[in-house]
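First up is the structure itself, then whatever we jot down about it.
The values are calculated or read from the model by the stated rules, or taken from the named source; none is laboratory data. Worth saying up front: this structure is predicted, and the values here are computed from it rather than measured. Cβ: placed from backbone, ideal geometry, glycine included. Neighbour counts: every protein chain shown. Side chains included, ligands, DNA and RNA excluded: accessible areas come from the protein's heavy atoms. Shrake-Rupley method; radii C 1.70, N 1.55, O 1.52, S 1.80 Å.
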Amino acid sequence: MIRHLQRGCTIAAVLIFTAPVLFAEVCFGNHTFSARFYSDQYYENADSCLNPDNVFDVDEGFAGKERFTTGYHWAGKNLSVTMNDFMSLTPAEDPGFTNCFGELYGSVCLGNVFIDIGKKRINQSLSYFKSPINFVLSGYDQYDLQFSEGCIMANIEAFTDFGFIGFSFMPECGFNSDIERYVSSSQDRQLLLRYDLPTTNCTTGIAVYWNDNWRLGCHFSRTLGDYAEIHTEYVFNEKKNVSGFRLNDGIASNVSVTKKYCSEGLLGLTVNSAWLSGIGEYYYNQAGYSYDEWKDVTDTFHDIRDSDQTAAMYRYNLGTAFQSMASNRSFGCGRHYAMLRLSNPSTEKLQYSVNMIVNLQDGSGMVTPSIRYDGWEHIAAEASFSACFGNPYSEFMLYADSWQSCLTMEIWL
């Protein structure tokens, strides 16, 4: 099913369009219980570049799904149990709903060594918008990890005088459809080795990942005086599979393209003052479309749209292009991006921010201003608006909803 959902193209907290309207957390000694209710909302356009004159009979208007999740954490002297985001579900009338744990693992503390067994997320990136070194979560493009799915793993982390050392082993897992709805998606065998060396003013780290192919990454961050920090990440991929679109002999098809020996890089600067915080980042993705490759794809889309509507392959080719658009809803199909976030200090009761990302190749992008107030006891309110810009056949106008807005309410006890 083709879904006009903001999840793929959305990146970071800028592009996620999720409204958590209720939050509650209750602590009982060493036990913590939590519950959240979310409402995902997006706008479906009946007439678009790949749905001219609404040939696919799309209902225009706002649509979405609700999610209710629960969490639990227990901590003893050397043992702890963590469960996060259980029961992420869609409405009951949807037969595809899932009750899946985002995380469920137990931890053992042995001095400066921590051992985790179960389903866990690992986030080692310092980036705000894009995290190329997040190997375990490489298929998840949002900075906010609340809807990401962890991996079943045995994880060991040690804090030594020589830095931080981490090792994770993720076994191959395959489940039938009934179990998969509650436990996990299938996963391949994976290995991850991490090492970080923090010093007074900077942190340097490396990561080695294996999953049939090698991925090597490094990251570096350094403070610049009292108000600024620079951070960078670089990743080398032995192979990277990206989705493509082709038109051969008048027949459209979606294909998987394997690109060998490609790299990703990110360079960012964070500046904090007493009244304003700013984050600027540049992201490079060698596996993405070049300017000429992207022009070929959009020209093909344009040719299909303007072809003879009475031709036998018209609806098939248009539908294949439409599916390609939906499956590619992942920021990063290009090679060069710039990201910017401006906000006031998060310690203030009234918080405001503006987030923007721009594809530097075609000039398209998305901007999201938001405002939040948490000056009331146990209650917070937030409103945001997101809008895409660019020409009709640019990345963000093809692969994103043109605009969306949301209102968020949070209540905690």
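A few comments on the model shown:
- Within segment 108-136, the set of residues being open to solvent by less than 10 Å² (accessible area, probe 1.4 Å) and small (G, A, S) comprises just one member, S127.
- Against the list (1) touching a Phe, Trp or Tyr at 6+ places or on another chain (Cβ under 8 Å); (2) modelled with pLDDT of 90 or more, the condition S277 fails is (1).
- Checklist (1) farther than 16 Å from L50 by Cβ; (2) open to solvent by 100 Å² or more (accessible area, probe 1.4 Å) applied to R315, failing item: (1)
Condition check ((1) among the polar types (S, T, N, Q); (2) at pLDDT 80 or above; (3) not in a strand (DSSP E or B)) across all residues:
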residue	(1), (2), (3)
N241	yes, no, no
R246	no, no, no
V257	no, no, no
G265	no, yes, no
D292	no, yes, yes
I304	no, yes, yes
Q323	yes, no, yes
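- Residues of segment 199-215 satisfying the condition of being among the aromatic types (F, W, Y) and open to solvent by less than 60 Å² (accessible area, probe 1.4 Å): Y209
- Of all residues making up segment 209-235, the number that are more than 20 Å from the chain's Cα centre (by Cα) and farther than 17 Å from L126 by Cα: 7
- Extreme residue, nearest to E281 (Cα to Cα), among residues of segment 354-393 that are among the small types (G, A, S), open to solvent by less than 20 Å² (accessible area, probe 1.4 Å) and at pLDDT 85 or above: G365
- Of all residues in segment 249-285, those satisfying the criterion of being open to solvent by less than 70 Å² (accessible area, probe 1.4 Å), closer than 17 Å to G217 by Cα and not acidic (D, E) are C262, S263, G265, L266, G268, Y283, Y284, N285.
- Any pair with Cβ under 7 angstrom, 6 or more apart, that starts in segment 295-312 at a residue that is free of Cβ contacts under 8 Å to residues at least 12 places away in the same chain and farther than 14 Å from N51 by Cβ and ends at one that is part of a helix (DSSP H, G or I) and open to solvent by less than 50 Å² (accessible area, probe 1.4 Å): S307/Y314; D308/Y314
- Filter pass, S186 being open to solvent by 40 Å² or more (accessible area, probe 1.4 Å), at pLDDT below 90, farther than 30 Å from R341 by Cα and touching a Gly at 6+ places or on another chain (Cβ under 9 Å): yes
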